[in-house]
Structures are given as C-alpha cells and as structure tokens.
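All remarks here apply to the structure that follows.
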Amino acid sequence: MAEIFEILVPATTANLGPGFDCLGLALKLYNRVVVSPANETRVSIDGHGRDELPRDAGNLMLRSARELAQRSGKALPPLAWDAHHDVPLARGLGSSSTAIVAGLLAANTVLGLGLPRDELVRVAAGIEGHPDNVAPALLGGLTLCLPDSDPLVVERLNPHPALQVVLLVPQFQISTCAARQVLPAQVPRADAVFNLARAAAMVAALVEGRWALLGEATKDRLHQPYRLPLMPGVAEAMEAARAAGAQGVAVSGSGPSVAAFCTGGAGAIALAMIRAARSCAVDTTVTVAQIEPAGARIVRRSG
Ligand code: HSE
C-alpha cells in the first residue's frame, strides 16, 4: 500500500434510555486517524486520551486492525497511525468504538478485504462486547441491534431530521466495565415489560418525530437507576433538562454524559443542565450535536 488515507469515525450515544445494548445514534462529533505506510508501526494521539491511551500493541485501534487481518489470514503491513480525538474518553460517547471501527476500516482498506459494513459491525461488536455503539459508528443514523441473534441482526433507521441532541459531558470518567458491574443479572418481569414498551416507543418517536412520546419513551428501569449513584450531578442535570424543555433525557451509554433530546431550545436546555451539575459541584462541558447520517468513512486519500 503506498496510499495515505484519513478515516473519520463519529461519536455515538447508546441505550437512549430503554434500549439497553440495542439502540444507538451517531453524532456529528468525530475522532480522526490518518493512516500511512511506514517502516515500522507507530501510533500518535492528540486531543482526548493523549496522555491516557496506549500507543503500543495494546492500542485498541491497532489491536482491532490486527484482529481483522488475522481473521482474514493476512498480515497487516507496518503503518503510521496519527489520531486526533475530539470524542471525550470514558464518558458514554462511544470513544472505544471509534477506535475499534477505525482499526477495522483501516485493515479492510489496506488489505483490500472488501468486507461489507454489516460484517464489520459483527466483528466490531465481538471486540467491544456489545453492539450498540459500534453499529451507529459504522452505519450512521439510528441503529437497532438484536443481541443474541446469529449472525447479529442490525437495522439502520433514519431519525427525524428535526432531532437534536444536547450532550452534557461531566469532567469525571466512568468505565463501561465498572458501570456494567453494578447491573443486576436478573430483573423483575414488570421492569422488562416497562422497558420493552418504551424501547418500541422510542423508535417510533425518533423516526416519526412523535415528540410527545419522548418523555415517557426515554424512561428506563434496566440500567439507569443502578448507575445514577455512580454519577454525581447527573440525575439533577437530567431533571433540569426536562424542566427546560427537553422532550426526553437519557444517560448516554454507560454514562456519565447526558443526552437531552429536543427539536429546539437547545441553548436553554444546555444552560439548565450546566447549572444543575454545577450546583452539585460537578464541572461539565456541553455540545449540541446533530445526527451523523452516514457513519464512519474515508474522507481523504492520497499517494
Ligand atoms: N450498552 C452499553 C452499556 C453502552 O450501557 O453498558 C456502553 O456505552
């Protein structure tokens, strides 16, 4: 390969309240990596994770690329990986999925594998351990994954174009692993029924713009109640977002970020969430994100 190319991978917000491990949305907030031929493999990172992420063989982007090469019976040539991260780490915005997806897309391209997106979602979900961030990162829009289907079934849907997501990102981090450990292995049937009705309602609300459904449709009994004690200021910020006009509010992925869904009034919602978090001594940043329709892609080639 004598080619240099740049890969763009979007952040994602998963779960969307009731759709634990099933629903996800791609957002217009990106990690990028420029991949170029090199005499020996090296990784550079700037932006988020610069001082935290490994640059050796433990790097998740590199491991994912090597795993796909190995599965395909090929060897990955030495490459330089120059990453720039705008997606904050360990905040429930799919940063690890961006690394996995970037690695897989790079290997698919460099090795000329020609694997389709659905297949890449399956490989990525195997590496990540759950599919709901990697699917929207690869496919864009709103994605619905059916865990335990074999092969994994993934459907991409178009969310209503008026949808906006106000993201509140606390300064503190929570690992998905730690946030999964607090979840019960079994739940009461009433809670399962509560969630399955709302997950269906959430898809209808987002696709058809049935905004009046969102308040009820973002409620959840499978993960948020167990996780909120790990996240100071988050319950207060969610309440403030609702009071300021957000039609629905959810913990983003495994947290601690908050995704407030609206079709307008984003500034007032953002301000209310920041103030509520600050009143709990939690510093935050806020971003108003549009929906990324296309998902990860190669944006520049040369050489
Ligand atoms: N569905 C996963 C979880 C998403 O909630 O643990 C992690 O971002």
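Can you tell me the dipole magnitude for the range 164-289 around its Cα centre, using point charges on the Cβ only (Lys, Arg +1; Asp, Glu -1), in Debye to the nearest 20?
140
Expressed in nm², what is the orientationally averaged projection area of the convex hull enclosing the Cα positions of the chain?
About 15.1 nm², averaged over all directions.
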Practice task
Of the options PRO225, ILE269, PRO256, report the single residue whose Cα projects farthest towards the positive end of the charge dipole of the range 164-289 (beta-carbon charges: Lys, Arg +1; Asp, Glu -1).
Solution key: PRO225
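Given a cut-off of under 8 Å on Cα pairs at least six residues apart, what relative contact order in percent is computed for the range 130-197?
18
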Handout entry: Test item: Cα-centred dipole of the range 1-152, Lys/Arg +1 and Asp/Glu -1 on Cβ, debye
Key = 160
Exercise for the section: Give, in nm to one decimal, the length gained when the segment between LEU89 and ALA281 is fully stretched (0.36 nm per residue of separation minus the Cα-Cα distance). Expected result: 67.1 nm
Handout entry: Charge-dipole axis of the range 1-140 as Lys and Arg at +1 and Asp and Glu at -1 on Cβ define it, positive-most pick from GLY19, ALA125, MET61
Key = ALA125
Completion exercise
Relative contact order of the chain (C-alpha contacts under 8 Å, at least 6 apart) in percent is 26
Problem - Value at 222 nm in deg cm²/dmol, rounded to 500, when DSSP H runs of n ≥ 4 in the chain each add -39,500 (n - 2.57) - result: -10000 deg cm²/dmol
Fill in the blank from the handout: Between GLU216 and GLU3, the FRET efficiency computed from the C-beta separation at R0 = 35 Å comes out, to the nearest 0.05, as 0.10
Handout entry: Burial ordering of CYS280, CYS145, fewest other beta-carbon atoms within 10 Å first
Key = CYS280, CYS145
Completion exercise
Subtracting the Cα-Cα distance of SER72 and ALA38 from 0.36 nm times their residue separation yields 10.1 nm
Fill in the blank from the handout: Given a Förster distance of 45 Å, the FRET efficiency implied by the Cβ-Cβ spacing of CYS177 and SER302, rounded to the nearest 0.05, works out to 0.70
Exercise for the section: Relative to the longest principal axis of the C-alpha atoms of the chain, give the angle of the C-alpha long axis of helix 234-243, reported between 0 and 90° and rounded to the nearest 10°. Expected result: 60
Completion exercise
Each label sits 7 Å from Cα toward the beta-carbon; between ARG242 and ALA294 the label points are separated, in nm, by 3.8
Fill in the blank from the handout: the range 8-45 and the range 139-213 have their Cα centres apart by a whole-number Å value of 18
Problem - Residues PHE5, PHE172, sorted so that the one with the fewest Cβ neighbours within 10 Å comes first - result: PHE172, PHE5
Exercise for the section: Note down the magnitude of the dipole of the chain about its Cα centre, charges +1 on Lys and Arg C-beta and -1 on Asp and Glu C-beta and zero elsewhere, to the nearest 20 debye. Expected result: 140
Handout entry: Euclidean distance of C-alpha centroids, the range 270-293 and the range 47-122, integer Å
Key = 29
Exercise for the section: Compute the acute angle (0 to 90°) between the alpha-carbon long axis of helix 266-279 and the principal axis of greatest extent of the alpha-carbon atoms of the chain; round to the nearest 10°. Expected result: 80
Practice task
Starting from the Cα gyration tensor of the range 164-289, take the square roots of the eigenvalues, sort them a ≥ b ≥ c, and report rounded, prolate or oblate (rounded when a/c is under 1.5, otherwise prolate if a/b is larger than b/c, else oblate).
Solution key: oblate
Exercise for the section: Determine, from the Cβ-Cβ distance of ALA57 and ASP82 and an R0 of 25 Å, the FRET efficiency 1/(1 + (r/R0)^6), rounded to the nearest 0.05. Expected result: 0.90
Exercise for the section: Take every Cα pair under 8 Å in the range 164-289 that's 6+ residues apart, average their separations, divide by the length, and report that relative contact order as a whole percent. Expected result: 40
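Any read-out appearing in this document is the output of simple, stated calculations on the displayed coordinates, not a laboratory observation. Since the structure is predicted, the reported quantities are computational estimates derived from the model, not experimental observations. Please note: Cβ atoms are built from the backbone with ideal geometry, for glycine as well, and neighbour counts cover all protein chains shown.
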